[in-house]
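Here's the structure we're looking at; comments come further down.
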Amino acid sequence: MAFSNVTNITLAYHLDFAKHAHCGPWYSGVEDSYTGQSGGFASSVMVEDIAISNSDVVGIIGNEFSTTARGVAEAFSFYELPYCSMASTSPSLSDKNKYPYFWRIMPSAGLGLHIYQLLRFWQVKRIVVIAQQDDDMGSAFAEDIINTLSSFEITILCNIQIPTSYGAGDISTAALDIKLKSASLPQPFEDPVQLFGPDYYSLLKGFIVFQAMPPNTTTTLFKRVYNGLNNLTRANLSTNDFVTVYTISPAYDCVMQMLMGFDKILKNNTGFTAKDLANRKLQTYMNYTAFKNVGYSGLSADPILLNSNGDLQIAFQVLSFTGNYFNATGFGRTDPLGSYFWYISGKYPTFFSGSQKPPVDGPPVIVLTEVFADVGNPIGGLVLFYAISSAAGCIGCAVFTFWFSKHVVVRKSGKVYLYATLVGLAMISVSLFGFMERVTTFSCLGRIWLQVLGFSAVIALLSAKIGGSNWQSSIHQSKIFNVFTVKTLTFAGIVVLLELIVLIFWTVFIRHSVTINSDSTSYIYACDDGDISNPISILLLLYNAVILFITSTISFNMDENMTFPGEEHYPQIICSGYIFTALIVLPLLENTGPGIEWITGYTTAVWFLVWNCLASIFAPKFMTVLIDSFENDDTIGKLIKEWKVGSVAGASKGDGNSTSETSSIARNLGRSLSKKASFKIRHDNREHQHKRKDKKAVLVHSGKKWSPVSFFQKYYDTAIGAKIANNFDLEIEFSSGNEMTKFGESFRNALNIGNDFNNNPS
């Protein structure tokens with residue numbers, strides 16, 4: 001492309017243009033979907049291609065997004081390649097220490113000066129700043145504006161940073177921060193009516209926007225370039241497309257400004273030649289200062305002047321949206337230096353209220369106090385008490401289970417069941433710590449995970465225990481509520497595993513954030529777990545409702561005759577607690593909203609559920625052990641002292657408080673059984689047979705041969721006599737009714753238990 005006929009350029013140049021981009025092929029909608037993020041790889045490849053592989057490149061025009069241009073501009077400055085952008089507006093690129101070879105045909109840093117002139121004219125002293133948090137342009141402009149206005153003693157009431165992928169929590173946070181203050185909505189990229197409803201355009205009424213003064217479309221240069229492009233491409237672009245949408249006019253000015261800068265370098269240094277320019281021998285002279293003022297009258301401004309930041313120095317016009325679509329009326333402007341503002345004759349802004357006067361500078365500032373559960377306030381102390389006491393209760397019950405693991409009340413329930421249930425309750429207890437301090441997305445998810453998994457563990461274990469026991473008891477017709485086998489444990493594990501899978505899907509595919517609830521005096525951060533109508537949320541609720549329903553149905557229809565004493569009612573008590581909380585407590589709490597009242601009510605409900613489970617399962621066991629301790633001190637001791645085996649095995653007496661005496665009782669019982677009859681023994685749900693043969697008694701247990709004496713001493717040493725009254729899990733079947741009667745009479749006389757033994761000899 002030849003530029004030898006351009007005004008003010010006395011030398012002839014021939015420029016070759018080359019496209020260097022590695023962003024992939026174009027497709028419909030790509031220009032709307034790309035936001036400048038994740039441009040690192042393509043940018044680095046492009047820099048290497050231009051700066052190293054193509055050494056004939058002496059200047060660069062391009063890049064739209066500031067986020068993308070930032071790394072590229074720094075790299076090109078390192079290689080001393082002048083780089084003009086027609087769309088990268090971030091004030092961070094105005095730092096000439098990092099980007100000395102970068103400049104642009106648009107304003108950037110210093111916008112706060114122009115905004116201040118309008119605020120000063122209106123006598124406004126307080127503002128709110130809302131910026132795009134993870135976008136370089138948005139966050140840098142916010143910083144520039146805040147720093148400038150603060151230096152003029154303008155109060156920044158709120159500095160709100162909203163991420164590009166915002167959620168309901170981000171919007172509610174912004175709404176809280178600007179509560180009681182005037183604010184309008186910015187223009188969205190998507191269909192605003194679909195996003196915000198049909199009243200969106202009326203909400204825009206009064207929205208003020210600063211815009212660099214548009215090009216003068218009546219100049220000969222503008223008409224020639226604009227009409228020439230349309231004739232060449234047959235694109236029929238509007239002036240808005242030409243200037244704003246496709247940034248063609250600033251791109252044209254970039255080329256001309258750079259070309260005239262090259263010309264200026266050659267003119268001011270007579271020893272330099274165009275060949276030196278083409279061979280990159282003049283790069284040291286090509287930082288942004290070479291292009292500040294080259295006397296070019298461009299499309300964007302006349303003349304094109306760059307300030308000390310390498311940005312276009314230009315006046316701003318101020319517009320007000322009318323409420324009719326995106327129509328806006330320019331009502332004022334500033335000078336290029338941002339030193340004053342004036343109204344355009346006959347033009348005034350129209351604000352949301354319909355007034356042409358700006359809103360009053362606001363009512364007295366109401367300071368909303370943040371509230372949360374903290375150790376320094378009563379609510380926090382209560383929540384902390386709930387958390388610590390629940391966790392301590394679980395630990396205490398675990399210690400009890402371990403300490404009395406050989407006691408009949410623990411063995412009947414099953415140690416595995418008790419420990420596993422305590423783990424589930426401990427998870428729920430630990431979740432209460434998540435209500436302390438200000439909530440975060442992590443703490444919100446953490447307490448949901450702990451509560452849901454803890455609930456499913458408790459309910460699944462309970463369902464497996466009573467369901468498996470009822471099924472097996474219907475086959476064996478015996479008291480086997482203590483059954484907790486590998487199969488039942490596997491069933492409970494499957495239920496919890498399915499819960500875990502649903503939780504993972506719910507965590508990954510539902511947007512979770514933190515929102516803010518407030519009243520006229522206070523506000524609180526709360527969890528926002530998305531729309532409850534989402535299919536995954538419905539699945540999570542439905543799954544937990546189903547397992548609770550199934551467990552409750554089994555619990556309320558269980559055969560109490562198949563339960564161990566003290567465990568007849570606790571399944572119904574546990575299920576009733578969960579049902580009451582789910583159907584009554586939680587719906588009532590939803591009406592209060594997630595505030596201090598909600599935290600108090602919810603944590604109280606969780607604490608109640610934990611202790612309801614602990615008390616219903618372990619309170620009867622505590623009482624039994626406590627009563628046994630007293631009985632072992634007196635009543636049982638007396639019975640042992642009075643023990644007389646009589647005709648069965650002779651007499652055995654002692655002082656009633658030694659281990660050897662109890663052992664002698666076990667030995668006598670073993671000898672009696674081996675001498676008098678053949679019998680079967682059920683121990684730990686295994687059946688062992690013994691047949692009297694040549695006066696030799698052999699009992700097979702766990703693959704090992706035992707004499708009845710050794711067997712009873714090992715497994716029932718401290719139980720015979722002292723624990724027989726507590727329904728000890730020993731069943732004896734005699735092959736002879738006569739022998740059973742003899743043994744029963746002797747045993748009845750020894751323990752003074754009346755006729756119950758004859759009526760129920762097992």
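How many nm is it between the label spots at TYR348 and THR273, if each spot is 7 Å from the Cα in line with the beta carbon?
6.8 nm
Compare the peptides 525-537, 400-412 by average per-residue count of other Cβ atoms within 10 angstrom and give them in order, highest first.
Per-residue mean Cβ counts within 10 Å order the peptides as 400-412, 525-537.
So who's got an amide H within less than 5 Å of the one on ILE516, skipping anything under 5 residues away but keeping other chains? H placed 1.01 Å off N, in plane.
Those lying under 5 Å, H to H, from ILE516 are THR173, ALA526.
5 Å is the cut-off here: which amide hydrogens, built 1.01 Å from N in the peptide plane, fall below it relative to GLY332, excluding neighbours closer than 5 in sequence?
VAL318, ILE344
When the Cα centres of region 59-80 and region 232-299 are compared, how far apart do they sit, in Å?
When both Cα centres are located, 16 Å separates them.
Given the pairs LYS465/LYS621; LYS96/LYS125; LYS415/LYS487; LYS406/LYS621, which span a C-alpha to C-alpha distance of over 22 angstrom in this model?
Beyond 22 Å: LYS96/LYS125.
Through the Karplus equation 6.51 cos²θ - 1.76 cosθ + 1.60, θ set to phi - 60°, convert the phi angles of region 305-310 into ³J(HN,Hα) values in whole Hz; use x for Gly and Pro.
For region 305-310, the Karplus curve yields 10, 9, 8, 5, 9, x Hz.
Given region 200-345, what count of lysine pairs have C-alpha atoms under 27 Å apart, with each pair 8 or more places apart or on different chains?
Summing the qualifying lysine pairs gives 10.
Once phi is turned into ³J(HN,Hα) by the Karplus curve 6.51 cos²θ - 1.76 cosθ + 1.60 with θ = phi - 60°, what whole-Hz value does each residue of region 45-54 show in order, with x for glycine and proline?
Karplus values, whole Hz, x for Gly and Pro: 5, 5, 4, 4, 5, 7, 6, 10, 6, 10.
Counting only protein chains, not ligands or nucleic acids, how are SER43, SER355 ordered by accessible area (probe 1.4 Å), most first?
SER355, SER43
The values are calculated or read from the model by the stated rules, or taken from the named source; none is laboratory data. What you see is a predicted model, and the numbers here were worked out from it, not measured in a lab. In this analysis, Cβ positions are derived from the backbone assuming ideal geometry, glycine residues included, and neighbour counts consider all displayed protein chains. Accessible surface areas use protein heavy atoms only, side chains included; no ligands, DNA or RNA. Shrake-Rupley method; radii C 1.70, N 1.55, O 1.52, S 1.80 Å.
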